[in-house]
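Please read the structure below before turning to the comments.
The values are calculated or read from the model by the stated rules, or taken from the named source; none is laboratory data. Quantities reported herein were computed from a predicted structural model and do not represent experimental measurements. Note: ideal-geometry Cβ built from the backbone for every residue, glycine included; neighbour counts use all protein chains shown. We work out accessible area using only protein heavy atoms, side chains counted, and drop any ligands, DNA or RNA first. Shrake-Rupley method; radii C 1.70, N 1.55, O 1.52, S 1.80 Å.
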Amino acid sequence: MSVPDPYGAAIQNARAGHGDPQARSIPTHVTLLPPTEVPAEALPKIEEHLAEVAAAHRPFRMLLCGSGTFRPVSPVVFVRVEEGAQECRLLEADIRSGPLARELAFPYHPHVTVAHGLPDDVLDQAYEQARDFRASFEVPGFGLSRFDADEVWRPWRSYRFS
């Protein structure tokens, strides 16, 4: 689920400023399903599934506020989803069903990554800088992205809520 500008650009710029090598190859977002490799012939069924999920949900308000981290389990600093987290959880469960059913390595936790896989002192700095971040916006739907040969994630399809 995309984070709109100017908020998305601000988070992406912060991520790049921390030296995160993935900053410019991953648009700012809240993940609803971790990267999942699927065969090309499964795409029509997946797209139909995602359209059905979108039709079953309504637009909602999202508030991103403050910082969090998954350390020591994972070297990630993020901006917290304060409002809209429950809607994200419901969406995630519906998306991760049918043709996209799969087990997760970790329980689902909606967030927006600010720094990933960097040295501890940089993660500490990212945590402190994200502490005062605040953004509020309407979420009208979600998107499907693809990972291209140049190792950049790009939006591919959009699904609007009913």
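Quick look at the numbers
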read-out: Within the stretch 81-99, tally of residues that are open to solvent by 60 Å² or more (accessible area, probe 1.4 Å), over 13 Å from the mean Cα position of the chain (by Cα) and without any contact (Cβ under 8 Å) to a residue 24 or more places away in the chain; value: 2
read-out: Residues of the stretch 78-126 classified as under 24 Å from residue 53 (Cα atoms) and of a type in the set (Phe, Trp, Tyr), total; value: 2
read-out: Test for residue 24: is it more than 17 Å from the chain's Cα centre (by Cα) and not in a helix (DSSP H, G or I); value: no
read-out: From 78, 60, residue being open to solvent by less than 70 Å² (accessible area, probe 1.4 Å) and touching a residue at least 60 places away in the same chain (Cβ under 8 Å); value: 60
read-out: Within the stretch 127-153, tally of residues that are charged (D, E, K, R) and modelled with pLDDT of 85 or more; value: 6
read-out: In the stretch 1-21, residue nearest to residue 114 (Cα to Cα) [restricted to those that are open to solvent by 70 Å² or more (accessible area, probe 1.4 Å) and in a loop (DSSP other than H, G, I, E, B)]; value: 21
read-out: Cβ pairs under 7 Å, 6+ apart, first in the stretch 145-162 and free of Cβ contacts under 8 Å to residues at least 24 places away in the same chain, second among the aliphatic types (A, V, I, L, M) and surrounded by 12 or more Cβ atoms within 10 Å (Cβ to Cβ); value: 156/144
